[in-house]
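One structure is given here, and the rest of the page talks about it.
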Amino acid sequence: MEPILVDTKPPANKQDKVAAKLDASTRVLAGRFVRDWVSPHWRVLSLAVFFMLLVAVTTAAYPAMIKYVVDTLSAASGIGADGTEPVSLKYIWVMPLLLVLVASARGLSLYAQNVLLNTTVLRVITDLQKAMFAHLLASDLARMNRDAAGKLVSRFTNDVNAIRNGLSTSISTTARDAVQLVGLIGVMFWLDWVLSLVVLLVYPIAALPIMRIGQRMRLVSKRTQQQMGDMSALLTESLAGARIIKTYGLEEYDQTRADSAFDRNRKLRLKAVMAKAMLDPMLEILGGIAVGGVILIALYRISTGEGTLGDFAGFIGALLMAAQSIRAVGNFNAVLQEALAAIQRIFDLMDEKPEIIDAPHAKPLALESATVEFSNVGFSYEDHTRALNKLDLVVKGGEMVALVGPSGAGKSTVFNLIPRLFDVEEGSVRVDGQDIRDLELASLRHAIALVSQDVVLFNDTVRANIAFGKLDATDAEIIAATKAAAAHDFISAMPEGYNTEVGDRGFKLSGGERQRISLARAILKDAPILLLDEATSALDAESERLVQGALEKLAQGRTTIAIAHRLATVRKADRICVMEDGRIIEQGTHDALLAQDGAYANLSKLQFRNEKTPDDAASE
């Protein structure tokens with residue numbers, strides 16, 4: 001982000017220091033936003049500005065028309081200020097027609113201006129949302145995990161709404177009112193420069209308080225938007241965890257948490273409302289003072305013959321219209337500060353640079369046997385939890401290696417490092433001798449398929465969720481994959497078959513059905529490296545037997561790494577590695593490790609003491 005430049009002269013106090021920083025920040029933020037997001041739409045904006053000027057001209061015509069009508073009527077009644085004879089009203093009947101023409105031109109110009117400006121606003125907002133989403137998709141997994149999903153979603157909803165309101169107000173309403181104000185002030189000086197000076201001396205008094213209120217609004221708005229992100233995260237979490245909340249009887253506890261969040265949001269919004277509410281009374285009082293002063297001076301000038309009744313009527317009309325524009329411009333500062341606070345939060349997000357990116361010299365993966373090698377690998381997460389300690393592991397092409405051990409041993413970290421969801425701190429991970437940090441990410445990840453115990457399904461059809469493994473897959477390929485995953489039969493039995501919507505996160509399906517669709521997706525991808533994270537954990541005994549057979553066929557000729565807590569699922573692995581504290585402490589076949597009577601043998605005894613495997617059950 002561009003540096004914020006402030007005045008070199010030190011502010012007099014803390015409040016002035018904050019104000020100076022906010023003013024500088026406002027210039028930087030507004031400049032960057034206009035340059036990067038608004039200016040690309042300059043053609044539409046230019047046309048909108050034309051209609052905006054037309055609105056200003058037609059608005060300024062009203063006071064001039066009022067002056068002409070009043071002066072003509074006064075002269076026709078014999079009460080002209082210059083003592084002349086009454087004049088004819090022959091041409092005054094043209095004024096109603098002229099007024100209709102001016103009003104029509106103003107109305108059509110307002111419509112065109114609003115449509116063009118709001119078209120620009122919606123395009124800017126859409127561009128911003130697209131860029132934010134693309135940035136998040138390209139972000140590191142660590143960054144994605146840092147904030148709750150609700151907080152990130154809040155950037156797309158609450159923050160974007162604040163920006164849309166600010167942008168709509170600024171270029172659709174305030175800009176028009178500012179242009180109108182310039183035109184009306186010009187007419188006021190044309191009608192009576194003395195009265196105009198009186199008005200211009202009164203209204204600037206409100207400038208400093210308005211700026212102070214705007215600065216306060218900026219701070220309150222930032223806190224409000226942050227709290228709304230927290231509240232969105234809490235609501236998302238609570239709604240997603242409804243099953244646990246009800247089962248554990250946590251309704252009262254969760255209601256208390258939500259009530260507290262709602263109350264904090266109400267208090268912050270009330271502060272913003274109170275600050276914004278000060279603007280209208282202030283401008284109303286100043287408007288009353290200005291009108292009162294104008295009336296006093298106008299009476300004197302008319303009585304001395306220095307002005308006409310038409311001048312006074314036209315001036316009052318211009319002043320009342322100008323007062324509305326002044327109020328709109330004054331209120332804009334509060335809306336602007338809310339928008340700037342939202343822009344700051346969005347820019348903070350988009351300015352974060354991902355660390356896991358293609359190296360300048362990155363090359364596509366050159367596959368041979370798909371051998372995966374961990375060499376002296378060390379890794380810690382952001383909270384400094386040590387996950388791997390000098391890990392050495394070689395999984396040869398076509399070999400199936402199972403990782404077992406207690407939770408926190410580092411098994412999932414191994415899976416995260418292979419597709420470069422995280423980067424190693426020490427050592428290296430290689431595929432066919434190529435350091436994965438020197439490979440193109442897309443090429444590396446194209447060679448990897450994952451089936452996780454945490455199944456991720458999207459709110460789409462069964463067909464679409466399977467086809468994510470290969471977007472251009474034919475129906476025949478999809479059906480072949482589902483048959484291999486023992487999923488075709490239950491999918492065909494659904495009312496709409498493969499076109500059945502699975503619902504949010506697949507809630508319309510059972511756990512086993514979700515797992516088999518996930519497996520079908522991996523089978524369809526047909527990647528040379530296969531990662532299985534408790535791939536059969538959610539299946540019943542019969543489905544597990546079927547899927548286990550499909551996995552064994554799928555693993556043939558592929559480099560397969562499997563995480564397993566249930567040792568029965570990996571007894572046939574070519575090699576089993578027992579992990580503890582980020583290291584491999586034992587490795588070998590199932591029978592060989594049992595013979596060693598070590599850590600694996602102890603795990604096996606605990607699990608098999610009163611348990612029969614699906615294979616054992618089938619053989620009886």
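Limited to segment 147-180, what total is found for residues that are surrounded by 22 or more Cβ atoms within 10 Å (Cβ to Cβ) and modelled with pLDDT of 75 or more?
7
Have a look at ALA480, ALA486, ALA473 and point out the one that is farther than 29 Å from SER412 by Cα, of a type outside the set (Lys, Arg), assigned to a loop (DSSP other than H, G, I, E, B) and touching a Leu at 6+ places or on another chain (Cβ under 9 Å).
The unique qualifying residue is ALA473.
Kindly provide the set of residues from segment 342-400 that are modelled with pLDDT under 85 and hydrophobic (A, V, I, L, M, F, W, C), ordered by number.
Hit for segment 342-400 is ALA342, nothing else.
Quick check on ASP472: is it of a type in the set (Asp, Glu), free of Cβ contacts under 8 Å to residues at least 12 places away in the same chain and surrounded by fewer than 17 Cβ atoms within 10 Å (Cβ to Cβ)?
Yes: the conditions hold for ASP472.
Of the residues ARG521, ARG575, ARG571, which single one is at pLDDT 85 or above and more than 39 Å from the chain's Cα centre (by Cα)? Spell out the reasoning first.
Numbers: ARG521 fails: more than 39 Å from the chain's Cα centre (by Cα); ARG571 fails: at pLDDT 85 or above.
It is ARG575.
Collect the residues in segment 489-506 that are in a loop (DSSP other than H, G, I, E, B) and in contact with a helix residue (DSSP H, G or I) (Cβ under 9 Å, 6 or more places away or on another chain), keeping them in residue-number order. First the steps, then the outcome.
Within segment 489-506, the first condition is being in a loop (DSSP other than H, G, I, E, B), and the residues that meet it are 493-496, 500, 502-503.
Selection gives MET494, GLU496, THR500, VAL502.
Going through GLU477, GLU425 one at a time, which residue ends up being surrounded by fewer than 20 Cβ atoms within 10 Å (Cβ to Cβ) and touching a strand residue (DSSP E or B) at 6+ places or on another chain (Cβ under 7 Å)? Break it down stepwise before answering.
Numbers: GLU477 fails: touching a strand residue (DSSP E or B) at 6+ places or on another chain (Cβ under 7 Å).
Every option except GLU425 fails the conditions.
Looking at PHE33, PHE51, which one is buried (at least 19 other Cβ atoms within 10 Å of the Cβ), of a type outside the set (S, T, N, Q), at pLDDT 80 or above and touching a Ser or Thr at 6+ places or on another chain (Cβ under 8 Å)?
Sole residue among the options that is buried (at least 19 other Cβ atoms within 10 Å of the Cβ), of a type outside the set (S, T, N, Q), at pLDDT 80 or above and touching a Ser or Thr at 6+ places or on another chain (Cβ under 8 Å): PHE51.
Six or more apart or on different chains, Cβ atoms under 8 Å: show the pairs whose first residue is in segment 550-572 and over 24 Å from ALA480 (Cβ atoms) and touching a residue at least 40 places away in the same chain (Cβ under 8 Å) and whose second is part of a helix (DSSP H, G or I) and of a type in the set (S, T, N, Q).
Pairs that qualify, where the first residue is over 24 Å from ALA480 (Cβ atoms) and touching a residue at least 40 places away in the same chain (Cβ under 8 Å) and the partner is part of a helix (DSSP H, G or I) and of a type in the set (S, T, N, Q), are ILE563/SER412; ARG566/GLN607; LEU567/SER604; LEU567/GLN607; ALA568/GLN607.
Could you grab me the full set of residues in segment 247-283 that are surrounded by 11 or more Cβ atoms within 10 Å (Cβ to Cβ), of a type in the set (D, E, K, R), more than 18 Å from ARG223 (Cβ to Cβ) and modelled with pLDDT of 65 or more?
Hits for segment 247-283 are GLU251, ASP254, ARG257.
Looking only at segment 428-458, filter to residues that are part of a helix (DSSP H, G or I) and touching a Ser or Thr at 6+ places or on another chain (Cβ under 9 Å); which one of those is surrounded by the fewest Cβ atoms within 10 Å (Cβ to Cβ)?
Checking each candidate, the answer is ARG437.
In segment 504-523, what count of residues is obtained for those that are surrounded by 22 or more Cβ atoms within 10 Å (Cβ to Cβ) and of a type in the set (S, T, N, Q)?
So the count comes out to 2.
Is it the case that ILE466 is closer than 26 Å to ALA370 by Cα, β-branched (Val, Ile, Thr) and assigned to a helix (DSSP H, G or I)? Quick ask: steps written out before the conclusion?
Values: closer than 26 Å to ALA370 by Cα: yes; β-branched (Val, Ile, Thr): yes; assigned to a helix (DSSP H, G or I): yes.
Yes.
Could you check segment 417-427 and list, in sequence order, the residues that are of a type in the set (D, E, K, R) and not in a loop (DSSP other than H, G, I, E, B)?
Matches in segment 417-427: GLU426 only.
The values are calculated or read from the model by the stated rules, or taken from the named source; none is laboratory data. Fair warning: this is a prediction, and the values are worked out from it, not measured in the lab. FYI the Cβ positions are ideal-geometry reconstructions off the backbone, even for glycines, and counts take in every protein chain you see.
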